[in-house]
1. Near Glu150, within a Cβ-to-Cβ distance under 14 Å, what is the net charge of the other residues, with Lys and Arg +1 and Asp and Glu -1?
2. For every other residue with a beta carbon closer than 9 angstrom to the beta carbon of Leu391, add +1 if it is Lys or Arg and -1 if Asp or Glu, then tell me the sum.
3. Suppose R0 equals 45 Å; then what is the FRET efficiency for Lys130 and Phe292 from their Cβ-Cβ distance, rounded to the nearest 0.05?
4. For the stretch 101-194, what's the relative contact order in percent, using C-alpha pairs closer than 8 Å and at least 6 residues apart?
5. So how much slack lies between Ser85 and Tyr311, counting 0.36 nm per residue of separation and subtracting their Cα-Cα distance, in nm?
6. Any chance you could look up the accessible area of Arg67 with a 1.4 Å probe, heavy atoms only, rounded to 10 Å²?
7. Pop a pseudo-label 7 angstrom from the Cα along the beta-carbon direction at both Cys207 and Ser229 and give the gap in nm to one decimal.
8. Calculated FRET efficiency, Glu396 and Val247, Cβ-Cβ r, R0 60 Å, to nearest 0.05?
Amino acid sequence: MVEHHPVHNSEVYLLGLAPRPSVPPPSPPSPLTPTDAGPSTPIEHLCLDSASAAEDVAEEVNATAKRRVAGAIHVLNTEATALRSLTQLYKTDATAADGFDAAVDAIVRQCEAKGKLVVTGVGKSGHIGKKLVATFNSLGLPSTFLHPTEALHGDLGKVSRRDAVLFITFSGKTAELLALLPHVDPTLPVIVLTAHAQPQDCELIRCRPGAILLPAPIHESETVSFGISAPTTSTTVALAIGDALAVVVSQELHASVPSVFARNHPGGAIGAAFRKQPGTMRELAVPITDIFSLRGSATELYGADVLKAGYESPSGWVCVGDALACPVRIRGLHTALMTKQLAECDDLLVPRSEWINMGANTRIAQAARWIQDPLMSADYGEVVCGTDSILAVVDEEGDVVGVLEAGELLRWRES
């Protein structure tokens, strides 16, 4: 049997009122639609993950920078390894050493006969050749670049009977150079700068058996190193051998290479630096006030004390009492003397009585001639001057205002 109970709900009935139509309430006003009368203001994008997105971008940029630097380090390390391998080759391989010696001899001989060095190559080797020509000329070694194709169209007139010719070719079989070779006077010395370590492996030398081989190999192919065969490591080693050739030849031909270079390079920052070079002994000498003074006597101090003080001293000089140790003597200190008292270290300290006096206003060239003068020999009862002798630069009152190694003076002498 079903029981009946009152039904409860939440409706409210108002009695006595007229019924109202069921109309929904009005909507809120809509935003204005943009018109030509004025621009609208864009609504900013709302992103709850903006902070993490910025971090992701920063990490991506950082990873890109690391990848770029790692790539650069790989290239630099590869080329440095090639130069170390090349150095070891010239230290240990007789063919390489003999070839370099013969190349220097040939260039020196031709330059002394008023000839010049003619450099030829194509492509990247040609660019290396042009740079080497500039280096040779700046060091007072007459040189010119000859393009092998232009040579066959009239530029062979650049080559005289007193010249030496340097071919630069990594492969040793560049077609343009092979075409040029038969037209080079067979009496002229020919030098071939190539990757081959043995002359029989180089086609150019097989075509000219008397040619001089200058090996410039690389430890691994550029394809292995970088994935491409673009000349990179190979041009680096070729340039290094060419620079070595230029420096060594210039040292044999000129008594003072710095003075020749200064004369040939008056412009730019290098020229400005040479113009500021000292002219008098006062300007060249190490000021006496800049010399580190080591406390103690010759019986209290040891060779190691002077060595340590010399390397810590900005000038490289060390004073002990009235005696001086100059940089060249400190560097030449034998290991066995490190634990010896200074009194037992012969030739390390030079007492004031053995210094050679020079006037502060004396010109460098004049001072250099004086210390080379034959009167400065034991036969005349004068002090014998060596490269490690100490020159005391004195002012008008006779006070020492600076010091200098004799060898340093000779390196700075004017031409």
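1. On the way: positive: Lys130, Lys158; negative: Asp155, Glu176.
Here the charged neighbours net out to 0.
2. On the way: positive: none; negative: Glu405, Glu408.
Counting the neighbours of Leu391, the net charge comes to -2.
3. On the way: r = 47 Å, r/R0 = 1.05.
So the FRET efficiency works out to roughly 0.40.
4. Working: 144 pairs, mean separation 30.6, N = 94.
The normalised contact order for the stretch 101-194 reaches 33 percent.
5. Details: separation 226, 0.36 × 226 = 81.36 nm, distance 3.08 nm.
Gain on extension, Ser85 to Tyr311, equals 78.3 nm.
6. Spelled out: Arg67, probe radius 1.4 Å, area about 150 Å².
7. Rounded to a tenth, the inter-label distance reads 1.9 nm.
8. On the way: r = 41 Å, r/R0 = 0.69.
Taking R0 as 60 Å, the efficiency between Glu396 and Val247 is 0.90.
The values are calculated or read from the model by the stated rules, or taken from the named source; none is laboratory data. None of the values given here were measured: they were computed from a predicted structure. With ideal geometry, Cβ positions are generated from the backbone for all residues, glycine too; neighbour counts draw on all protein chains shown. Note: accessible area is taken over every heavy atom of the protein model, side chains too, but ligands, DNA and RNA are not part of it. Shrake-Rupley method; radii C 1.70, N 1.55, O 1.52, S 1.80 Å.
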